[in-house]
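The values are calculated or read from the model by the stated rules, or taken from the named source; none is laboratory data. Because the structure is predicted, anything quoted here is derived from the model rather than measured. Quick reminder, even Gly has a Cβ in these numbers, built from the backbone with ideal geometry, and neighbours come from all protein chains shown.
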Amino acid sequence: MSNEPDIADDDDRKQPPRKSAATRAIEMLEAKGCELWHTSTGDAFVSIQRGGHVENWPIRSREFKTWLAGDFYKAFGQAMNSEAISSAMNVIAAKALNDGDEHDVFVRVARFDGKIFLDLCNQSWQAVEIGPDGWCIVDKPPVRFRRFKAMLALPAPERGGCIDDLRQLINVSDATWPLVVGWLLGCFLPDSKYPILALFAEQGAGKTTAARLLRALIDPNVSPLRSEPRKEDDLVIAANNSWLIAFDNLSTIPAWLSDALCRLATGGGLSKRTLYTESEETIFSLTRPAMLTSIEDVASRSDLLDRCLVAHLPTIPSHQRKTEEELQAAFTTMQPRLVGAILDAVSVGLKREHQVRPSRLPRMADFANWVIACEPGLGWPPGTFLATYDDNRSEANELALESSVIWKPLSELLADRNEWRGTAGDLKKTLEDRMNANLPKDWPKSPKAIGGAVRRIAPNVRALEWAVSFDEREPNGQRRKIIVIDRMLPPMCPKSPTFQTDPSFPF
């Protein structure tokens with residue numbers, strides 16, 4: 001037997017182990033200068049240098065998967081199989097979560113360092129930077145936007161436009177025009193609360209066209225208007241995957257959808273079960289601007305109406321009708337200047353938002369204060385928006401009370417007195433006695449339901465100068481839940497708004 005060493009075996013031991021596809025993919029990312037990072041909610045992202053700009057993609061997204069497979073093939077001349085891709089993405093996501101920095105991620109609109117940024121969603125990943133002194137297009141915004149496949153690009157905005165030019169294309173009355181423009185301006189305020197624009201009109205009044213064109217001024221989408229969602233999961237996905245949601249031709253708003261829209265408008269958690277799990281859920285804590293259209297006044301619940309800007313569109317005479325082709329051609333021509341006009345007003349709002357101090361603010365106070373700050377950028381006299389908003393609040397109160405099954409008998413009960421006091425059971429019996437048992441089908445079946453109905457319309461009843469309170473004790477000290485409805489004294493202060501501004505401010 002030979003004592004010579006096995007040279008071939010020794011050479012094999014000296015060779016480094018072959019790197020896995022996942023390892024080579026990570027090295028490729030590092031060589032390309034890609035940044036791995038994560039959000040506060042644990043979503044893993046990668047920022048890719050591409051064609052002179054930076055793109056931000058979730059590591060679990062189809063877009064990043066396609067890019068990874070394509071660039072791996074370019075770099076190594078071989079394809080990654082599905083197992084290798086899955087392994088690579090798992091490791092990359094782990095590095096983003098464990099080693100990457102934490103950053104906020106935004107959809108379409110962001111606020112940073114006293115400025116607002118609007119993602120144009122074009123191929124160059126440009127954004128508009130809006131500051132107190134004007135706006136400009138930037139190639140590399142300081143905030144991180146993410147994209148969804150249904151999002152469409154906004155045209156590069158142009159200067160010299162006027163938002164009133166939009167009235168040539170949408171059918172809105174003089175009385176509701178400030179509400180529509182105010183809603184548009186509110187859509188540009190990130191991390192805020194957003195009223196829901198409700199466009200009600202008969203068939204052929206142009207409500208669908210108005211909704212589609214309004215959305216195209218801030219968040220154009222492959223599917224700009226959608227039908228009523230069937231469940232909360234559908235609403236969650238629609239809200240998460242775009243900046244603005246719009247539902248067209250609703251015939252009804254069920255209670256669950258009304259509550260979900262309220263949470264979406266003013267804040268609250270929306271959840272859905274995490275895919276491929278039995279018990280985990282994904283929580284979405286977000287607010288979004290929303291818009292809906294309908295023939296009937298489908299927003300009937302008090303809490304939803306309290307968050308709505310209700311616009312009833314007038315009928316369109318036959319001689320004033322335009323074809324869809326004519327409208328779209330005119331809008332395409334006007335769109336860059338219309339967007340520019342809105343940005344001009346947003347810039348003025350940024351300069352004035354901490355200077356304007358209305359003597360009073362209505363519901364959705366942050367939104368109202370913002371639109372008031374933007375008014376000079378639109379050429380509106382001071383108080384234009386708030387006066388229109390007050391009228392709209394009165395109309396919403398009337399709609400809410402008309403839609404309440406208990407209001408008619410309750411108003412008749414209060415007509416000849418200054419106070420009513422009693423338990424929910426007492427109120428139920430009193431109202432039913434007055435109705436002689438002619439109860440509608442949706443009449444509350446229990447004292448608890450009656451109490452809930454009163455609580456729901458309490459803000460609307462207070463607008464009619466009736467104080468509504470719910471006490472735990474009667475005057476004799478006995479613990480019972482007592483409903484107290486008192487006629488209020490006439491208000492001591494005038495209703496018309498006054499404004500205070502910094503004297504050094506130019507507006």
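General observations
- Once region 340-357 is narrowed to residues that are of a type outside the set (A, V, I, L, M, F, W, C) and touching a strand residue (DSSP E or B) at 6+ places or on another chain (Cβ under 6 Å), the residue that is surrounded by the fewest Cβ atoms within 10 Å (Cβ to Cβ) is Arg357.
- A residue that is among the β-branched types (Val, Ile, Thr), in contact with a helix residue (DSSP H, G or I) (Cβ under 6 Å, 6 or more places away or on another chain) and either more than 16 Å from Pro459 (Cβ to Cβ) or in the same structural domain as Arg288 (by TED's automatic domain parsing) (or both) occurs nowhere in region 412-431.
- Taking region 353-377 as the range and being more than 23 Å from the chain's Cα centre (by Cα) and part of a helix (DSSP H, G or I) as the test, the residues that pass are Pro376, Gly377.
- Among (1) closer than 15 Å to Ser258 by Cα; (2) surrounded by fewer than 20 Cβ atoms within 10 Å (Cβ to Cβ) - the single one Glu324 does not satisfy: (1)
- Within region 323-335, one or more residues are part of a loop (DSSP other than H, G, I, E, B) and closer than 21 Å to Leu213 by Cα.
- Taking each residue of region 250-261 that is surrounded by 12 or more Cβ atoms within 10 Å (Cβ to Cβ) and looking for partners that are of a type in the set (S, T, N, Q) with beta-carbon atoms closer than 9 Å, six or more apart or interchain, yields Leu250/Ser227; Leu250/Thr293; Leu250/Ser294; Ile253/Ser294; Ile253/Ser300; Ser258/Ser300.
- Residues that are within 17 Å of Thr315 (Cα to Cα) and either in a helix (DSSP H, G or I) or not assigned by TED's automatic domain parsing to the domain that holds Leu305 (or both), drawn from region 183-232: Lys207, Thr208, Thr209, Ala210, Ala211
- The residues of region 53-80 that are touching a residue at least 12 places away in the same chain (Cβ under 8 Å) and assigned to a loop (DSSP other than H, G, I, E, B), listed by number, are Ile59, Arg60, Met80.
- Meets criteria (under 27 Å from Leu213 (Cα atoms) and touching a residue at least 60 places away in the same chain (Cβ under 8 Å)) for Leu152: yes
- Considered as a group, the residues in region 137-182 that are in a loop (DSSP other than H, G, I, E, B), more than 22 Å from the chain's Cα centre (by Cα) and polar (S, T, N, Q) include one that is surrounded by the fewest Cβ atoms within 10 Å (Cβ to Cβ), and that residue is Ser173.
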